[in-house]
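Each value in this text was obtained by applying a stated rule to the coordinates, not by laboratory testing. Small disclaimer: the values here were computed from a predicted structure and weren't measured. Cβ atoms come from the backbone with ideal geometry, glycine included; neighbour counts cover every protein chain shown.
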Amino acid sequence: MIRVALIGDYDRQVVAHVAIPQAIELAAKDLRFRVDFEWIATSLLEHDFEQKLAKYQAIWTVPASPYASMQGALNGIRFARENQVPFIGTCGGFQHMIIEFARNVMGLHEADHAEENPAASLLLVAPLTCSVSEKTQTFKLAPDSKVAAIYGKGEIAEQYGICNYGLNPEFAPLLEQAGMRIVGVDQNGETRIMEHSQHPFFVGTLFQPERSALNKIVHPLIKAFLQAAK
């Protein structure tokens, strides 16, 4: 049995929060093994997060930020990265994944989020140049990436949720040099998917793959995430 931690502040009014359990159940049924998941509020991970997360084989940082505790969310992501636990971050989870990496791997301790701290000196996550909320777009994948191997093709179409923030392109080269690769871009060349090159499964998407479950579709990324945990 696989145990998955869903890090985020559950709200049944958030479409992604309704879709994620369905997406996990669909992928688990397809893989023919049991998966249990548990929601963990971000505030619970402000302290003693290592002990609280030790029992999980996979971690998903979910959409709907700003979180009640940004530090709690970052602690959960750090645990997954440092302990080689399979990880996926979608929408807000993607945004906080790159902040955690910048702060704790690259030493950019001031890296921050424009929605949560617009006056920060280093806005790693900035407003998107145009709104992508509730849109479906086409992305090109890096051919030598884990994500491209999972999809089995070089171009995909995916749906956003309510999304207005993404990677500040000024910092893209620094992140890539440190090992956080850009592996999916939209038609304008803007970053939409990243993966950690030195981790078995550490992927962030600005879109919401979980929404496929609302159409009863097993999503390849979510299936691969669970397979990595297995």
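Taking only DSSP H segments of four or more residues, each worth -39500 (n - 2.57), what value at 222 nm results for the chain once the sum is divided by all its residues, to the nearest 500 deg cm²/dmol?
-9000 deg cm²/dmol, from helical runs alone.
How large is the Rg to Rh ratio of the chain when both quantities use alpha carbon positions and Rh follows Kirkwood?
Using Cα coordinates only, the ratio equals 0.92.
Which of Q198, L44, A148 sits farthest toward the positive end of the charge dipole of the chain, with +1 on the Cβ of Lys and Arg and -1 on the Cβ of Asp and Glu?
It is A148, whose Cα lies furthest towards the positive end.
Would you mind checking K29/K230; K29/K52; K29/K223 for any pair whose Cα atoms are more than 19 angstrom apart?
With Cα atoms farther than 19 Å apart: K29/K52.
Separation of the stretch 1-67 and the stretch 129-164 by C-alpha centroid, Å?
Cα centroid of the stretch 1-67 versus Cα centroid of the stretch 129-164: 22 Å apart.
Where does the stretch 75-122 land on Rg(C-alpha)/(2.2 N^0.38 Å)?
1.16
Normalise the Debye intensity by I(0) for the stretch 69-192, one equal point scatterer per Cα, no solvent, then take log10 at q = 0.19 Å⁻¹ and round to two decimals.
Summing over Cα pairs of the stretch 69-192 leads to -1.18.
Normalised by the number of residues in the stretch 2-229, what is the relative contact order in percent for Cα pairs under 8 Å and 6+ residues apart?
Relative contact order, the stretch 2-229: 23 percent.
Pick out, from P127, M106, V62, the residue whose Cα sits farthest towards the positive end of the charge dipole of the chain, with +1 on the Cβ of Lys and Arg and -1 on the Cβ of Asp and Glu.
Working it through, the farthest residue towards the positive pole turns out to be V62.
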